[in-house]
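One structure is given here, and the rest of the page talks about it.
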Amino acid sequence: MARFTRRARIGAGIALATTAALALTSCAGATDAPASTGDSDVDATTATSVADFGTFADLEAAAKAEGSLNVIALPRDWANYGEVLDLFAEKYPEITINEASPDVSSAEEIQAAETNKGLDTAPDVFDLGLTVALQNTDTFAPYKVQTWDDIPDALKEPTGLFVGDYGGYMSIGYDSSKFDAPAELSDLLSADYKGAVAINGDPTQAGAAFAAVGLATVQSDGSLDDFQPGIDFFSELQKAGNLLKVDVTTATIASGETPVVFDWDYLNASHTADNENWKVVVFDGTGYAGYYNQAINVDAPHPAAARLWQEFLYSDEVQNLWLKGGARPARMEAMTEAGTIDADLAAALPEAPEETVVPTEEQSTNAGTLLGEKWAAAVQ
């Protein structure tokens, strides 16, 4: 379990906490990118950088020739993805974006790739929680974007199989017209929160829900070596009648159906647009942080478009769009030093917890096994 203090830069701190997890994948799945030949006839499925296409214009031309890009699990209200998708469509009208299953989990993204393998409907790209990314490196094609050097080493698998894109802290969002702000985790066990507390998904499948159990673990003085205290907390929440088993969506927030929600701070913050009384709390003490990760499907039906999408996402413009969505983009530190970050948006980010943890690969794997064995029974 990696730990660091608030004195580290926001964003850079989260990145440092992932070092141990990514180091364990450095010899898995792929080799370093081959030297570019500059051959315009390159097979896009084997391209590991823009250089393999010749120039960026050659990559754009190849992607336009394919004419489509299949994305999955990108809700438009998640980290400002709506604006990101619309900007890509504006820049590249020749490429049709097919947005499939926006609300599925990271695990279901991989399942969709397996189910649709060999079909034009298979996802070209993924946006995944770290645990699922670590478990599925054989599903990814290595690729290094032009801004690769700006991405902290701790946020990227060394060969480019998957790369951190944006991150944040696990938080509690709540309707302030109905509830007082919870000051600590145990407050949520009180009768004041009867039938009101939801998590974003199933922790055996969804990264945000997994992180909710991780937060409950460390806020209960536990260690990420053992998620049992977190499971026990949610079991108590269920027994108290406070756990609300409803999938969290923009609609459930707006309607008041899910009035208290464990979720990433940038997602909870976005719901102020749906509910003017919605507020966000990041508990004092030990916080839980994480980045999502980009990856290219090794069997992508539109391999050039998949690689152009990666280049687009790691551009200054899109990194700032994620920041506009309240998330901390992977290139934030380098862009701050270069003066290309949106300073006003960066200043508006909430302060990081005093201490933050992120699970290592081993801890994530062990926690996933434990959740698979005990979660369902704990909250039934």
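None of the figures in this text is laboratory data; all of them are computed from the coordinates on show. Here the structure is a predicted model, which is why all the values come from computation and not from measurement. No Cβ is skipped: glycine too gets one built from the backbone with ideal geometry, and neighbour counts run over all protein chains shown.
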Worksheet item: Along the three principal axes, how long is region 174-300 when you take its alpha carbons, biggest first, rounded to the nearest angstrom?
Response: 49, 35, 25
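Leu119 to Glu351: extension gain in nm, 0.36 nm per residue of separation minus the Cα-Cα distance? It would help to have the intermediate numbers written out before the result.
Working: separation 232, 0.36 × 232 = 83.52 nm, distance 4.50 nm.
Length difference between fully extended and current span is 79.0 nm.
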Worksheet entry | ³J(HN,Hα), Karplus 6.51/-1.76/1.60, whole Hz, each residue of region 260-269, x for Gly, Pro | 9, 9, 7, 6, 4, 4, 6, 6, 4, 4
Response to the item:
Residue-ordered couplings for region 148-156, obtained by feeding phi - 60° into the Karplus form 6.51 cos²θ - 1.76 cosθ + 1.60 and rounding to whole Hz (Gly and Pro as x), are 3, 5, 7, 8, x, 3, 5, 9, 9
Fill in: Under the Karplus curve 6.51 cos²θ - 1.76 cosθ + 1.60, θ = phi - 60°, whole-Hz ³J(HN,Hα) for region 109-119, x wherever Gly or Pro sits
4, 5, 4, 5, 5, 5, 5, 9, 4, x, 9
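Rounded to the nearest 20 debye, what is the charge dipole size of region 238-337 about its Cα centre when +1 sits on each Lys and Arg Cβ and -1 on each Asp and Glu Cβ? Display every interim value, and only then the final one.
On the way: 7 positive and 13 negative charges, 51 e Å.
Its charge dipole is roughly 240 debye.
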Worksheet item: Given H placed 1.01 Å from N in the peptide plane, which residues other than close sequence neighbours of Ala198 have an amide H under 5 Å from its amide H?
Response: Leu244, Val260, Val261, Phe262
Worksheet, complete the sentence: Projected onto the charge dipole of region 120-217 (unit charges on the beta-carbon of Lys, Arg, Asp and Glu, signs +1, +1, -1, -1), the Cα from Ala206, Ala183, Ala141 with the largest positive-side position is that of Ala183
Worksheet, complete the sentence: Between Asp192 and Asp41, Cβ-based FRET efficiency (R0 51 Å, step 0.05) works out to 0.15
Worksheet, complete the sentence: Of the listed links Lys91/Lys117; Lys117/Lys245; Lys279/Lys374; Lys239/Lys374; Lys194/Lys324, those spanning more than 22 angstrom between alpha carbons are Lys91/Lys117; Lys117/Lys245; Lys279/Lys374; Lys194/Lys324
Discussion item. Treating only the Cβ of Lys, Arg, Asp and Glu as charged (+1, +1, -1, -1), what charge dipole size does the chain show about its Cα centre? Round to the nearest 20 debye.
Written reply: 640
Worksheet item: Which value in nm describes the separation of the simple spin-label points at Ala273 and Ala240, placed 7 Å from the Cα toward the beta carbon?
Response: 3.2
Worksheet entry | Net +/- balance of residues flanking Ala212 in space, Cβ distance below 12 Å, scoring K and R +1, D and E -1 | -2
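How large is Rg/Rh for region 43-195, to two decimals, with Cα atoms and a Kirkwood Rh?
Details: Rg = 19.5 Å, Rh = 18.4 Å.
Here the Rg-to-Rh quotient is 1.06.
Could you calculate, for region 136-226, the ratio of the Cα radius of gyration to the Kirkwood radius, expressed as Rg to Rh? Kindly include the intermediate steps, with their values, before the conclusion.
Working: Rg = 18.1 Å, Rh = 16.4 Å.
Checking Rg against Rh, the ratio lands at 1.11.
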Worksheet item: What list of whole percents do you get for P(r) of the chain, with Cα-Cα distances grouped in 20 Å bins up to the one holding the largest distance?
Response: 30, 58, 12, 0
Fill in: Leading residue at positive end of dipole, the chain (Cβ point charges), from Thr272, Thr286, Pro303
Thr286
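If you take the beta carbon distance between Glu90 and Glu362 as r and set R0 to 41 Å, what does 1/(1 + (r/R0)^6) give as a FRET efficiency, to the nearest 0.05? Mind dumping the intermediate values first?
Values: r = 43 Å, r/R0 = 1.06.
Efficiency at R0 = 41 Å is approximately 0.40.
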